[in-house]
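Below is one structure, written out as C-alpha cells; comments come after it.
The values are calculated or read from the model by the stated rules, or taken from the named source; none is laboratory data. None of these values were measured; they are calculated from a predicted model. Methodologically, a virtual Cβ is constructed for each residue, glycine included, from the backbone with ideal geometry; neighbour enumeration extends over all protein chains shown.
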Amino acid sequence: MGAYPALDEIRSRIIDSIIDQLRNYFPEDDYSIFNVLNPMLLPNAETLHTVFTYSSRIIPLARRFGMEDDSSESETEDHLSDSDSRDADASKRATERTISGQFGLLLKSLITSHSVDFCAYKGKGPVKFWSHFLETRTVEWLPRIKNLIMVVLTLPISSAEAERGFSIYKHIAYDRRTRLAPKTLEHLLRIRINGPPLMKFKPDIYVNDWLKKHWRSDAPGGQRQKESNVDEENKNSDSDLLSGLF
C-alpha cells in the first residue's frame, strides 16, 4: 500500500476495468494467440526447417479476426501436397492460398533474404519489427497475411483514441463552422490527428495552388470567382469609353 491509499484503490479499479474490457473482447480469455507474432519466438536460420510447422499457429489468430481459410482451400492444399508433391509450382500455389502458407513463405523470406534486418529488429518488439518490414519495399507481402498483421498492429487497447478524435472534432466543427462539408471535416481531422508537426508543414505549394484556381476566402460558401476574358474585355472597353467622355 502506497502513501495515498485512495489513489491506489482508484488505480486498482482502473486496471481491473481494463482487464474486464479485454476479456469481453476476447471471450476465450487467452491472449497467447498473439504470441505467434512475437519476434523473439519466430524461427531462425538454424530452425528454418520448422517454418511451416510454426506458421500453422497463425490460424487461431486469423480465425479470431474472421480471416480463416475456407475448408475448400485447406482440402485443396492437402490434396496437392499428397498427389503432386513433385510439382513445386502446384504446391507453392496451394500454399499461397492459405493464411498459414502465406505466413510460412513470409517468414522464410525474412529469414533468408532479409537476415540482417531480421536479426537487428528481432529484439525491438513486435510493433517495430513488423512495422519495419511492412515499410520495406523489397519484402514480398501476400495480401491475406499482410491484412492480418496490419489489423493486429492497429488494434487499440482502449477507447482513448476514439474519444480523443471526438474532442478534436469539437474544436474543428463548432457553432460558427456548421457549413463544413463532411469531406472537409474528414480531411481536417486526418491532418490534425495524423498530420506532420506544424514546424514541418510547408504551405507554399497549397497557397499557390489555391491562388491559381482563383478561390476567394470571402466568397459565400467558398465559391470560385473567376472572370472570363469576355467580361474583362467589356470592362476595359467601358473604362476607355468613360475616359473619352471625361
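Matching residues to (1) among the aliphatic types (A, V, I, L, M); (2) touching a Phe, Trp or Tyr at 6+ places or on another chain (Cβ under 6 Å); (3) in the same structural domain as Asn38 (by TED's automatic domain parsing):
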position	(1), (2), (3)
Asp117	no, no, yes
Pro126	no, no, yes
Thr136	no, no, yes
Val139	yes, yes, yes
Lys170	no, no, no
Thr184	no, no, no
> How about the range 146-158: which of its residues are at pLDDT below 85 and surrounded by 10 or more Cβ atoms within 10 Å (Cβ to Cβ)?
Replying inline: Leu155, Ile157, Ser158
>> Quick check on Leu211: is it part of a helix (DSSP H, G or I) and within 30 Å of Asp69 (Cβ to Cβ)?
In response: no
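Taking the condition within 30 Å of Asp20 (Cα to Cα), aliphatic (A, V, I, L, M) and without any contact (Cβ under 8 Å) to a residue 60 or more places away in the chain, does Leu153 pass?
Numbers: within 30 Å of Asp20 (Cα to Cα): yes; aliphatic (A, V, I, L, M): yes; without any contact (Cβ under 8 Å) to a residue 60 or more places away in the chain: yes.
Against the criterion (within 30 Å of Asp20 (Cα to Cα), aliphatic (A, V, I, L, M) and without any contact (Cβ under 8 Å) to a residue 60 or more places away in the chain), Leu153 qualifies.
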> Does the range 79-91 include one or more residues that are of a type outside the set (Ser, Thr, Tyr) and at pLDDT 85 or above?
Replying inline: no
